[in-house]
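See structure below.
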Amino acid sequence: MAKEVARQITPKEKEYLLSLTEKDIDLNLLKDLFAYRKDQNPKFQPFDEFTLNEKEFYNKVKEETTVGRFIFNKYALGENLLKKLGYQNKTMGKGGIGDLDDLMSKYLLTEVITSEDMAEYIDRVQYFGFATAKFMNAALTIDLLIPPENVEKRKAELSKELSKELEAGNVLAADKMEKELLGLAKETVKYIPDQQIYDSGCRGSYGNNYKNSTVMRGAIRHLSDDKITISTKSLVEGIPQEEFAAYADLITQASYNRAIGTREGGYEGKKLMAAFQGCQLDEPGSDCGSKGYLELTLTKDLTKFFQYRYIIEGNKLKLLTPENIKDYIGKTVKFRSPLYCKGDKYCSKCFGELYYMLGIENVGILTNRIASRILNISLKAFHDLTLKIVEIDIDNYID
């Protein structure tokens, strides 16, 4: 299937888009812009392109954008937020929305925007997404569900090559097979419109939903004896009779995680609350004088967890902020840490400034987030019971 090609809109169409106001954008207009109807085609595709000249619409530089992104900016952000955030020229899938949410949270924390701004942003994004879903979101079709012929051919070859390992329940062999087939399948069906279900990152995953439905189920662990069954069949192909027991185990495991996992998460929460409920922050600006520190290499993924924490540079302390923390990505830094705080209460230099900014004094209650995380993992396991292979470098854990 060929990829849909974006067209460059005309100057008159661009003029029309720029003339729209926030109040103009309602459900009827969104349908006119993007919905296919019996007697009417949409004026645009969301991926149709045009050029925004420098400072033409809250953008600092000249850049190529799309009609979909433009309408999202004009409606979901609006003039009030665009003045503060600038034009957001990115795909608003899970990653784009996540980055925008992080930016909004940062500006809320530093009082660049108000809580009312944040509430309106949330309302608008939710409305925009749900209101347009019925005529813009792709529906799952048989084209994406049916295994591609080249994938089936390669699966037959690999099943023969790895027959002994698969029969013996070798999880590494199954993982190797899954990764090759999934990569081939993704490349084969990448232009099918349904792919946005997975590509957006908002619903479904290649490694769970698509793999199990269309490629192969893979490794299944038995509850009774921890033996492994490797199923090379997908759900579309059907469950072989000799694998019924293994699939029945999957149902039991899912129910177990939801029932027992919920209980365990709740119990851990009560223990943590009892142990740490008395932990408090000291006065703003306090410093216990501890010489201890936590040394780690700061990665991009870790930056969100270490904003507004203090690091040791020579004989001085430096506060990491959203503006300067990027300069330390890839570097090994020394963090002041609550683990080494010597005060009766946690001082601001060891704990950092974030929770002072949030107005939270009794920080011990935040340990309940650990229990909530355990609970959420258990609940999510109800939907994803794939066995995953993780490579561990022992040097990362041994000094």
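Each reported figure results from applying straightforward, stated rules to the coordinates on display, with no laboratory input. It should be emphasised that the depicted structure is a prediction, and the values quoted were computed from it without experimental measurement. Neighbour counts are summed over all protein chains in view; Cβ atoms, including those assigned to glycine, are modelled from backbone coordinates with ideal geometry.
Structure above, values below:
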| quantity | calculated |
| --- | --- |
| Order of ASP194, ASP102 - criterion: other Cβ atoms within 10 Å of each residue's Cβ, fewest first | ASP102, ASP194 |
| Dipole of segment 11-136, positive end: most advanced residue of GLN126, LEU18, PHE44 [Cβ charges, Cα centre] | PHE44 |
| Helical contribution to [θ] at 222 nm, DSSP H n ≥ 4, -39,500 (n - 2.57), averaged over the chain, rounded to 500 | -12500 deg cm²/dmol |
| Relative exposure of TYR340, TYR107, judged by other C-beta atoms within 10 Å (fewest first) | TYR340, TYR107 |
| Cysteines in the chain lacking a second Cys C-beta under 4.7 Å | CYS202, CYS279 |
| Calculated FRET efficiency for the pair ASP194/ASN41, C-beta based, R₀ 22 Å, to 0.05 | 0.60 |
| Check: segment 142-242 dipole with +1 on Lys, Arg Cβ and -1 on Asp, Glu Cβ, in debye | 120 debye |
| Segment 11-101: relative contact order as a whole-number percent, Cα under 8 Å and 6+ apart | 20 percent |
| log10 of Debye I(q)/I(0), alpha-carbon scatterers only, for the chain at 0.06, 0.12, 0.13 Å⁻¹ | -0.37, -1.25, -1.29 |
| Only Lys, Arg (+1) and Asp, Glu (-1) charged, at Cβ; the chain dipole about Cα centre in debye | 280 debye |
| Rg over Rh [alpha-carbon atoms, Kirkwood Rh] for segment 11-136 | 0.96 |
| In sequence order, calculated HN-Hα J values of segment 367-376 (Karplus, 6.51, -1.76, 1.60; Hz; x Gly/Pro) | 5, 5, 5, 5, 5, 5, 5, 4, 4, 5 |
| Segment 183-257: chymotrypsin sites (Phe, Trp or Tyr not before Pro) falling in loop per DSSP and having at most 15 other Cβ within 10 Å | TYR191 |
| Nonlocal amide H pairs with SER290, under 5 Å, H built at 1.01 Å | LYS342 |
| Residue-wise HN-Hα coupling along segment 332-338, computed from phi with Karplus coefficients 6.51, -1.76, 1.60 (Hz; x: Gly, Pro) | 8, 10, 9, 9, 5, 9, x |
| Relative contact order of the chain, pairs being alpha-carbon contacts under 8 Å that are 6 or more residues apart, as % | 13 percent |
| Karplus-derived 3J(HN,Hα), 6.51/-1.76/1.60, for each residue of segment 182-190, Hz, glycine and proline x | 5, x, 5, 5, 4, 5, 6, 9, 5 |
| Proxy reagent accessibility, fewest Cβ within 10 Å first, across SER372, SER337 | SER372, SER337 |
| Loop sites in segment 104-174: GluC sites (Glu not before Pro), DSSP, at most 15 other Cβ within 10 Å | GLU111 |
